[in-house]
Structure formats: structure tokens, C-alpha cells
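These notes concern the structure reproduced below.
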Amino acid sequence: MSNKYPTDGITPASAGIYDENQMAIRILLANHQPIIRSALRLLLEREADFQIVAEAADGKEAMILAEYKRPDVALLEIQLPQVNGIALTKELHPKVIFVTSHTDVGYVLEAFRAGARGYVDADSAATDLASAIRAVAADQTFVSPAICDKFAAASQCLPACDANVLIL
């Protein structure tokens, strides 16, 4: 059987995309909607340096899986059943990125006060999420540009958003 898409020996590492000796960023997905978890998984599985290690449908399950699977980054929504995303962030050891449609200033501030390291607008997840994960895994902070624009428009007294990064 021939390979439908031959690569002629090109690997992500040889193309300079991914160093095979580098550890993959281990990710926990937590969202109460199965279709959203599936969409996020499909989006992230395209990235050679990401490994989805667990999926949770509620905050309690996410807490247990985070302890057992030890992800580097947890992708949460704000309104998780049983234990909401904000409360969960205070308890989790992995770095937290919120992927949510809740982009009001109050939610964003509360998330960062709880310890989140990233905040991605669900509408821009397809373009922002991979960058957010890499930034947060590298101990940086990430906020979707659309959210930064919202802060600027609201004239909030916040540190400046620089491209995709909000320096807190």
C-alpha cells in the first residue's frame, strides 16, 4: 500500500518545525461541551509539539485528572460544572489558559487574579490557541488581541497589551 501523501523523508524535526528531542507540551482540556472538547482536540492535534493527556467534562474531573496526568497546561472554560474555572485555577498546578466566550473585563481580571496565565477568546481560538499554549508553557502570559482591544476600548487601567501578550 503506497502512502497517499508521501513526505520524501521530511519530518517535522527536519523541516525545523519540531525538535523530536524536545518534550511535548502536555495539555488537559476541560469543557462541559463534548463538541468543544473535540474541536479543541482536532485543532491541537495538528501541532507536533502538543500532547493531549486528558479531557474533563467538569471541574472536579479536571482536578483529579490534573493531579494524575500532570499536564503542563490546562485549557479551561469559566463555567465548568461542579467546580468553576476560576475556583479550579486557584487549585491547579498546571499553567491555566481560559478558552471562553466570556470576554468581559471582569471575567478576564478575575481569571488572572486567580492565577491564570492566558486568556483566549473562543472566537479566535483557531488562530490564537497554539501561540497561547507555547507562550504560557514558556512562562509568558498571553491574551487574545481581540480581548486586548476590548480592554483598550473600555479604557481600563491595565498594563498594555503588546501584540498577543499582556504583561501583568
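Just so you know, all these numbers are worked out from the coordinates, no wet-lab data involved. Since this is a predicted model, take the numbers as computed values, not measurements. All Cβ positions, even for glycine, are placed from backbone atoms using ideal geometry, and neighbour counts span all protein chains on display.
Does LEU43 meet the test of being surrounded by fewer than 19 Cβ atoms within 10 Å (Cβ to Cβ), out of contact with any Ser or Thr (no Cβ under 7 Å at 6 or more places or on another chain) and within 18 Å of ASP121 (Cβ to Cβ)? Taking the combined requirement at face value, the residue satisfies it.
Checked against the criterion of being farther than 19 Å from SER38 by Cβ and not in a helix (DSSP H, G or I), the candidates ILE78, ILE64 yield just one match: ILE78.
When each of ALA48, ALA87, ALA62, ALA74 is tested for being touching a residue at least 12 places away in the same chain (Cβ under 8 Å), more than 13 Å from the chain's Cα centre (by Cα) and buried (at least 19 other Cβ atoms within 10 Å of the Cβ), the lone residue that passes is ALA62.
Among the residues of segment 52-86, those that are out of contact with any Ser or Thr (no Cβ under 6 Å at 6 or more places or on another chain), of a type in the set (A, V, I, L, M) and closer than 22 Å to SER144 by Cα comprise ILE52, VAL73, ALA74, LEU75, LEU76, LEU80, ILE86.
Return yes when VAL120 is out of contact with any Gly (no Cβ under 8 Å at 6 or more places or on another chain) and touching a residue at least 24 places away in the same chain (Cβ under 8 Å) and no when it is not. It is true that VAL120 is out of contact with any Gly (no Cβ under 8 Å at 6 or more places or on another chain) and touching a residue at least 24 places away in the same chain (Cβ under 8 Å). Looking at ILE147, ILE78, ILE97, ILE86, which one is touching a Cys at 6+ places or on another chain (Cβ under 9 Å) and among the β-branched types (Val, Ile, Thr)? After ruling out the rest, the residue left standing is ILE147.
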